[in-house]
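First up is the structure itself, then whatever we jot down about it.
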Amino acid sequence: MLSTTIDKVVRAAIAEQGYKNLRKYLLFLHFAFDALYKLKRDNVIVSFRSISLPIVDGRATIPDTVLAMGQIGWQRGQYISPAISAPNMSMTVGASGGEFNGMGGWGKYHIDRSVVPAQIIFDVAPAQAEVYVEVIDQVLTPTTETLVPHEAVLPMKSYIAFRHARFKTGAASAEARQAELEYMDEHDEAMAGLSDLSGAGIWFALSQKELRSRMGLEYPFLFGG
């Protein structure tokens, strides 16, 4: 996935606003951090990363900062061998004899959410001391080097322009309102590009956005909601 950094997005936003120096850098960086939170909240930015969790007695504890998980497995040579999700599996490690998953590895797992923090329980304790998990987690301390995926760059720059216009002229000004509409358009287009809607579904969503604009309905516009 193509990406850039928040630093580069902020510098681009400063240049597009017509400033010849970086005196607005800290203000725009603050707006960029706000945009990062909003774009993650609205799933415009959805980025998995891999983390390793120690396995103790056939269990791995999931950090509280994890919002969602993808593939779970353990390393075999240069590859990650996936485990099989088994929601109805016994909560007791070793209760079953294990199962070959057809992809070069053994084992099933279940997520135990009855404990806090939640745990990954394997049917047979793996020989490896750690398991690899794809996660979406909270960004507690974003920095200037935090990565921004390509599809989120325009919404982030538009949000910075909107907040700056509101900062300069007030929330009720025509300039701030126009900048807000431009941000909403960029946000909706990014959402449409990332959705799994059919062409007809996207056309319907965009037509609803136009109707919302004409009627002055409030943001956010939720697909399928």
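Numbers at a glance
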| quantity | calculated |
| --- | --- |
| Restricting the range 1-56 to residues that are within 18 Å of residue 144 (Cβ to Cβ) and at pLDDT below 85, the residue that is surrounded by the most Cβ atoms within 10 Å (Cβ to Cβ) | 45 |
| The range 26-65: number of residues that are within 30 Å of residue 180 (Cα to Cα), among the hydrophobic types (A, V, I, L, M, F, W, C) and in contact (Cβ under 8 Å) with a residue 60 or more places away in the chain | 13 |
| Residue count for the range 57-72, restricted to those that are farther than 14 Å from residue 129 by Cβ, surrounded by 14 or more Cβ atoms within 10 Å (Cβ to Cβ) and small (Gly, Ala, Ser) | 0 |
| Subset of the range 139-174 (residues that are under 19 Å from residue 15 (Cβ atoms), of a type in the set (D, E, K, R) and surrounded by fewer than 18 Cβ atoms within 10 Å (Cβ to Cβ)) | 168 |
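The values are calculated or read from the model by the stated rules, or taken from the named source; none is laboratory data. None of the values given here were measured: they were computed from a predicted structure. All Cβ positions, glycine included, derive from the backbone under ideal geometry; neighbour counts span all protein chains shown.
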